[in-house]
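Structure record follows, encoded as structure tokens.
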Amino acid sequence: MAYLSPLMTIMTKAAQKAGRGLARDFGEVENLQVSKKGTSDFVSAADLRAEQTLHAELKKARPDFGFLMEETEKEEVVDGIHRWIIDPLDGTTNFLHGIPHFAISIALEKAGELVAGLVYNPITDEMYYAEKGMGAYLNDRRLRVSARTRLEESIFATGIPFKGKGGHEPFLKQLSAVMDHSAGVRRFGSAALDLAYVAAGRYEGYWESGILPWDIAAGIVIAKEAGGFITDFAGKADMLTRGEVLAATPDLSRPLADLLRAASA
Ligand code: LIP
């Protein structure tokens, strides 16, 4: 691991502790796959356990910080300045199906600004983290977004809306536009890791709507610190309130935004 600030030390320790529990539970899910009883309740319990671990660890280290967390949903306000934004298990559907692509996502907001982010996949032991102004890292390695500049050489990730989620028709138009102009589109199933992968230069961009703050808050800091441009679909910085995110390399942010806008026109 590269140099860790006191804040990042707290965040990584909490993520590793919760990650050990998730990894153990994931092993169990893999066994349950073949049983007819279903795994949903077990996964919900695993999710909640991870959230409780993160809450306990972070609270112990920084008693004055508030919380916004996926499972409990309710906001816990303490000093009114700092707020942890947490998804204990981003990629729940993957976890449920025994697919080892999911992550713990922890962001820290200070006076309304995202200042630190950590995304941890406990199965691959990949820890992505960043603090504002200090660069982004994957374990020991400094991250930079991809240097590709041409849409036709680039691949993009997205999230596909499913049953019960609106926006199927507009999404199909967006997908068709990006398919027509790029080297391919991927759907891996974890928004936090999608943003971390943009930071790592694995794909050139990622877009999704209908997304919640805890899915993207940490990844936004990491992708930004790796040199990415992160906006909502209108090119503004209202990703968390609008529930939409477009992350890309500086050269490809505008072309991707234009494609999505044209598809929605
Ligand atoms: C999920 C995301 C996924 C997205 C889903 C969902 P969850 O988060 O990360 O990529 O497409 O809409 O929000 O529910 O696994 O925490």
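What does the helix-only formula give at 222 nm for the chain: each DSSP H stretch with n ≥ 4 adding -39500 (n - 2.57), the total divided by the residues, and the result rounded to the nearest 500 deg cm²/dmol?
Computed mean residue ellipticity for the chain: -13000 deg cm²/dmol.
Rg(Cα) of region 79-180 divided by 2.2 N^0.38 Å?
1.33
Quote the charge dipole size of region 6-142 about the Cα centre in Debye, to the nearest 20; the model charges only the Cβ of Lys and Arg (+1) and of Asp and Glu (-1).
360
Which net charge results when you count Lys and Arg as +1 and Asp and Glu as -1 among the other residues whose beta-carbon is under 13 Å from that of residue 50?
Within the 13 Å Cβ shell, the charges total -4.
Please list, short to long, the whole-number percent of alpha-carbon pairs of region 158-265 in consecutive 5 angstrom bins beginning at zero.
Computed distribution, short to long bins: 2, 14, 26, 28, 21, 8, 1.
Given N residues in the chain, what is Rg(Cα) / (2.2 N^0.38 Å)?
0.97
Using Cα pairs closer than 8 Å and at least 6 residues apart in sequence, work out the relative contact order for the chain, in percent.
16
When Lys and Arg each count +1 and Asp and Glu each count -1, what net charge do the other residues less than 12 Å away from residue 11, Cβ to Cβ, add up to?
Net charge around residue 11: +1.
With all protein chains present, how much of the accessible area of the chain (probe radius 1.4 Å) comes from carbon and sulfur, to the nearest whole percent? Walk me through the numbers on the way to the answer.
Numbers: 6360 of 12070 Å².
Solvent-exposed carbon and sulfur of the chain make up 53 percent of the total.
Counting other Cβ atoms within 10 Å, which trypsin sites (Lys or Arg not before Pro) in region 97-150 have at most 16 and lie in a DSSP loop?
Answer by residue number: 132, 144, 150.
Quick one: net charge around residue 146, please, counting Lys, Arg +1 and Asp, Glu -1 for every other residue with C-beta under 10 Å from its C-beta.
Numbers: positive: 144, 148, 202; negative: 153, 204, 251.
Taking every Cβ under 10 Å from that of residue 146, the sum is 0.
Can you compute 3J(HN,Hα) from phi for each residue in region 94-104, using the Karplus curve 6.51 cos²θ - 1.76 cosθ + 1.60 with θ = phi - 60°, rounded to whole Hz and x for Gly and Pro?
4, 4, 4, 9, x, 9, x, 10, 7, 7, 8
Counting only heavy atoms of the protein chains, get the accessible area per residue of the chain (1.4 Å probe) and round it to a whole Å² value.
Numbers: 12070 Å² over 265 residues.
Using a 1.4 Å probe on heavy atoms only, each residue of the chain averages 46 Å².
The values are calculated or read from the model by the stated rules, or taken from the named source; none is laboratory data. Predicted model, so just to flag it, every value in this text is computed and none were measured. Using ideal geometry, Cβ is built from the backbone for each residue, glycine included, and neighbour counts are taken over all protein chains shown. Calculation scope for accessible area: heavy atoms of the full protein, side chains included, ligands and nucleic acids excluded. Shrake-Rupley method; radii C 1.70, N 1.55, O 1.52, S 1.80 Å.
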